[in-house]
Amino acid sequence: MDADAEGDVSLLADAFKPYTFVDAFHFIGDNPHLILTKIVQHLELSGAAMGIALLLAIPLGVWLGHVHRGAFVAINISNVGRALPSLAVISIGLGFLGLGFWNVIFALTVLAWPPMLTNAYVAVDGVDPDVIEAARGMGMRDRQILLKVELPLALPLIFAGIRTSAVYVVATATLASFVGGGGLGDIIVNQASYFLAGVVAASLVISALAFTADFAFGGLQWLVTPRGLRQTARGVFEPDVSTSALADIEAA
Amino acid sequence: MGPHLFLAAGGHGKVVIPDFGGPSGGAHGCIARNGLFCWSWVDEHWGDTLQPALIQHLYLTAIAVAIGFTIAFFAALLAHRRNWFETPFGLFSAFLYTIPSLALFQLLVPFTGLSVTTIEIGLVGYTLLILFRNTLTGLREVPEDVIEAARGMGLSPGQIMARVELPLALPAIMAGLRIATVTTISLATVAAYITPLGLGKPIFYGLQSSFHTEFMATGALAIALALAADVLLVTAQRALMPWTRMRRAT
Amino acid sequence: MKGLRRTIAAGLAFALAAIVAAAAFAGPARQSKATIILGTKDFTEEFVLGQLYKQALEAKGYKVSYKENIGSTEIINTALTSGKINAYPEYIGEVVQTVFHQTTLPPTARGWWLLGKKLEEQKGYTLSNPTPFFDVDAIAVRKADAAKYHLVNVADLAKVPNVSLGARPEFKNREEGFKGMVDTYHLTKIKYVSIPNGLTYQALDQKKVFAINVFSTDAPLSTGKYVVLKDPKLVFGVQNVAVVIKKSIATPDVLKVLNAVSAKLSQNAIVAMNVATQLNKKTPSSVAHAFLQANGLL
């Protein structure tokens, strides 16, 4: 570092100093309106994408699992989805749909959809055949089996997929700023105006949102797991990466 | 007052403005219309733009995964032997993983500059969590009785690790490598925000100049690269461990 | 334990190899002993300027380490003062207002340049001679809207209900940008929409915003589809270009090369180069090369 650089606080965009982390909290305190507006935008993007992806993925995955068809595609689609470089997908969304909200929603939906489809399929497809036999033996019809037997047993894994997607979408929505989509990424790409304190602040908020989503869906996952199948509480608190990692070993 | 145009000191020589040529493909061609995907541009600039970016990207990814794997592997070995190590390293790598990549790269610049080092530190950081967790899980899932049997056969701990534990942990490790690789390919595109390297460079340049083909073509190339890497690693995984294919429930 | 030790040794060797490979890959940039580390900001005109100065210096035997696309004024200035680069092409108003926050401003353009030079010299840098051309921030609207609401000056935007301005993020808080514009022309009801640099014209065309922040030498402005509003109070400053360069490498010879290039950058020249790069998608490197060659600077 140059000698002239030391102490040049009069110039803008200060270099990272140890108290930048503390400054980040000051930043949040000093700019509540900005942070709040950006959080709302960020959640709008994430929520809309998750909502659409949910509607597209879950019914399809459940149905495919129920009829035990499309195994190859359903299982591997999540690998394909996870491999997609998010910036590339967002840029391509821009090309097709122009600037703004909808092109980001399109890209985020494309990225959110695969893990949920795979999990829904594997969850329903993997229900113990003996249980289904027993249900059939009791006189249940096809649709009843789906709704009263397969779905309840599949819910935990379905929620695990939703949880994985949710964290991924919240983190990736940061890139929306490159295509005019808004959200907390606007602060991160604007170090010029908000300095590193702002960048750190926005990152902390995004991390907090991601953790909250993980925690919330983890809690839901735990709630819908039939008591007998509940393992330790660890599944709720672990970051989503390990969950998908283990699911991957199975699906590979 | 108005902004006075002023001639620079030191001479009034005549300014020659050469003809830079019209857009490739003519005034009504694909480039002039800023079409979504102009093959002519891809053709013309494969050698000077796309291919160098692709090769840089491969380097960035390979180095990050290699270093990340090395660190995570030995961390997992240590955590396997000394359980207390798992929590601090796990928390550390999880913490790194949750920092948005855009922010992490910017935070590193004051320390390591606008350089490959900055990119690599960021990318390595992101691989640690998945590689650590998968390797550790893989090692832990080796059944106790198998290790007992090996011990009973007189194998040393080192031999058990090399000949029993690691091979059995290999599926989990490979799965982790696969996820880490495609994640790194994706994150390396974002790294170009800091310094124009890799496939992110044409993407950002295309976005900055609103030049559709540049970012569409590069985006497609990045996607193709990631998918190819994924398929390659799956194939390698299956080739090395044919027994994992029989694991599926149905 | 011999097996484990062997494994660990192998692992460390592997790690060492990987790190050496990384250093080797990163190596060439460091080993070249670049005398001049030239950076540019994050838009096409700066890429052209960077290439012009880079190629001219290289033609005269200097080694140039080129760091393109660093970021806005605030970011690239930090790169300069922290030693990551030691030169970059800058707009004089950005030096005076954005970097040094001067509020008392000289009455002539040459005065701005002298002031900028003095301020930089106090920090250990200097400015090369200014270019004939200038490129100021400006506000543009669609031609139809300009006709409909009779828009000539920036102040006229007050006449329009629901005005949104699309601009790059760093423009928002600047006195010589959005903030100054709102204060000076009393545009209290304008809404700010953060749009990345290259997407502003697209946003305007798609009617996502009513007006956008543009650069006065942008190529799309020559198509006639837009009207640029006047800024009589000079909120956006004097913006001829000069190279900010560290005094220790700004030898008379280096300055001579830079000044020779700058002297040739007339308004027409820069607009022609912008048309070539922004509209016709020629690479900045090839356009700079052609220009330098035609003017005997290579």
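Read the figures in this text as sums done on the coordinates, not as results from a lab. Here the structure is a predicted model, which is why all the values come from computation and not from measurement. Don't worry about glycine lacking a Cβ; one is built from the backbone with ideal geometry, like all the others, and counts go over all protein chains shown.
Along each of its three principal axes, how wide is the spread of alpha-carbon positions in chain C, in whole angstrom units, largest first?
Over chain C, Cα extents along the principal axes are 84, 52, 39 Å.
For chain B, what does the equivalent ellipsoid look like in terms of its semi-axes, each the square root of 5 times an eigenvalue of the Cα gyration tensor, given largest first in whole Å?
The equivalent ellipsoid of chain B has semi-axes of 50, 23, 13 Å.
Obtain the nm distance between the two label points defined at A:W222 and C:E58 by a simple spin-label model: each point lies 7 Å from its Cα along the Cα-to-C-beta direction.
Those two pseudo-labels are separated by 6.0 nm.
Take B:E141 and A:F96, extend 7 Å from each Cα along the Cα→Cβ direction, and tell me the distance between the two endpoints in nm.
3.5
Just rank A:D186, C:D253, fewest to most, by other beta-carbon atoms within 10 angstrom. Can you show the working numbers first?
Details: A:D186 24, C:D253 11.
Going from least to most buried by this count: C:D253, A:D186.
So the label point goes 7 Å from the Cα of A:R69 along Cα→C-beta, right? Which residues of the stretch A:119-153 then have their backbone N under 16 Å from it?
Inside the label zone: A:121, A:125, A:143.
Kindly write out, for the stretch B:178-195 in residue order, the coupling ³J(HN,Hα) from the Karplus curve 6.51 cos²θ - 1.76 cosθ + 1.60 (θ = phi - 60°), rounded to whole Hz, with x marking Gly and Pro.
5, 4, 4, 5, 5, 4, 5, 4, 5, 5, 5, 5, 5, 4, 5, 4, 8, 8
So which residue, out of B:G219, B:G158, B:G47, gets the largest mean-square fluctuation from a GNM of chain B using Cα contacts under 10 Å as springs?
Looking only at B:G219, B:G158, B:G47, the biggest GNM fluctuation is shown by B:G158.
Between A:I52 and B:F85, what is the spin-label point distance in nm, taking each point 7 Å from the Cα along the Cα→C-beta axis?
4.7
Straight-line reach only, C-alpha to C-alpha below 13 angstrom: list the aspartates and glutamates that C:K117 could link to, leaving out same-chain residues fewer than 8 apart.
C:E90, C:E94
Taking 8 Å as the Cα distance limit and 6 or more residues as the minimum spacing, I'd like the relative contact order of chain C as a percentage. Don't skip to the answer; put the middle values down first.
Working: 470 pairs, mean separation 76.2, N = 298.
The normalised contact order for chain C reaches 26 percent.
Using the beta-carbon distance between B:A162 and B:A224 and R0 = 35 Å, what value does 1/(1 + (r/R0)^6) give for FRET efficiency, to the nearest 0.05?
Values: r = 37 Å, r/R0 = 1.06.
So the FRET efficiency works out to roughly 0.40.
So what's the stretch C:194-288 giving for Cα Rg divided by 2.2 N^0.38 Å, two decimals? Can you show the working numbers first?
Numbers: Rg = 16.7 Å, N = 95, 2.2 N^0.38 = 12.4 Å.
Cα-based Rg divided by the globular estimate yields 1.35.
Using the 10 angstrom Cβ neighbour count as an exposure proxy, how do C:D218, B:D48, B:D19 rank, fewest first?
Details: C:D218 24, B:D48 12, B:D19 9.
Going from sparsest to densest Cβ surroundings: B:D19, B:D48, C:D218.
Convert 10 °C to kelvin, take the viscosity as 1.306 mPa s, use the Kirkwood radius over C-alpha pairs of the protein assembly as shown as Rh, and evaluate the Stokes-Einstein diffusion coefficient in µm²/s, rounded to a whole number.
Working: Rh = 28.6 Å.
For the chosen part, D equals 56 µm²/s.
Within 10 Å of each Cβ in A:188-201, how many Cβ atoms from other chains are there, averaged over the peptide?
Numbers: counts 7, 10, 10, 12, 16, 10, 4, 2, 6, 0, 0, 6, 4, 1.
Per residue, the number of nearby Cβ atoms from other chains is 6 on average.
Among the aspartates and glutamates, select those whose C-alpha is under 12 Å from the C-alpha of C:K246, and discard any that sit fewer than 8 residues away in the same chain.
Straight-distance partners of C:K246: A:D2, A:D4, C:E120, C:E121.
Treat the count of other C-beta atoms within 10 Å as a stand-in for reagent exposure and order A:M116, A:M140 from fewest to most. Could the numbers behind the result be given before it?
Details: A:M116 29, A:M140 16.
Least crowded to most crowded, the residues run A:M140, A:M116.
Which value at 222 nm does chain C reach when only helices count, each DSSP H run of 4 or more adding -39,500 (n - 2.57), with the total divided by all residues and rounded to the nearest 500 deg cm²/dmol?
Estimated from H runs of four or more residues: -12500 deg cm²/dmol.
Reachable aspartates and glutamates from C:K189, Cα under 17 Å, same-chain residues fewer than 8 places away excluded?
C:D156
Mean residue ellipticity at 222 nm from the helices of chain B, using -39,500 (n - 2.57) per DSSP H segment of n ≥ 4 over the full residue count, to the nearest 500 deg cm²/dmol?
Details: 10 runs with 165 residues, N = 250.
That comes out to -22000 deg cm²/dmol.
Within 10 Å of each Cβ in peptide A:142-153, how many partner chain Cβ atoms are there on average? Round it to a whole number, please. Working shown, then result.
Numbers: counts 0, 0, 0, 0, 0, 0, 0, 0, 0, 0, 0, 0.
Neighbouring Cβ atoms belonging to other protein chains average 0 per residue here.
Any of B:K201/C:K225; C:K148/C:K207; C:K148/C:K230; C:K67/C:K118; C:K54/C:K230; C:K143/C:K207 with alpha carbons more than 22 Å apart? Name them for me.
Exceeds cut-off: B:K201/C:K225; C:K67/C:K118; C:K54/C:K230.
Provide the net charge surrounding C:F210, with neighbours chosen by a C-beta distance below 10 Å and charges set as Lys +1, Arg +1, Asp -1, Glu -1. The partial results should precede the final answer.
Working: positive: C:R142, C:K191, C:K207, C:K208; negative: C:D145.
Once all neighbours under 10 Å are counted, the net charge is +3.
For Cα pairs less than 8 Å apart in space and 6+ apart in sequence, what is the mean separation divided by the residue count of the stretch C:137-229, i.e. the relative contact order in percent?
Numbers: 143 pairs, mean separation 44.0, N = 93.
The normalised contact order for the stretch C:137-229 reaches 47 percent.
Mean 1/r over all different Cα pairs, inverted: what Kirkwood radius does the stretch A:43-196 give, in Å? Let's see the in-between values first.
On the way: mean 1/r = 0.0599 Å⁻¹.
That comes to 16.7 Å for the stretch A:43-196.
Quick one: Karplus J couplings for the stretch C:38-44, per residue in order, coefficients 6.51, -1.76, 1.60, θ = phi - 60°, nearest Hz, x for Gly and Pro?
Each residue's phi maps through the Karplus curve to give 9, x, 9, 7, 9, 9, 4 Hz.
Take each of the peptides C:163-173, A:128-138, B:174-184, average the number of other beta-carbon atoms within 10 Å over its residues, and list them starting from the highest. Can you show the working numbers first?
On the way: C:163-173: 21.7, A:128-138: 11.9, B:174-184: 24.7.
Top of the packing list down: B:174-184, C:163-173, A:128-138.
What does the average come to when, for each residue of peptide C:232-243, you count the partner chain Cβ atoms lying within 10 Å of its Cβ?
Numbers: counts 2, 1, 3, 0, 1, 1, 5, 1, 5, 0, 1, 0.
Whole-number average of other-chain Cβ neighbours for C:232-243 is 2.
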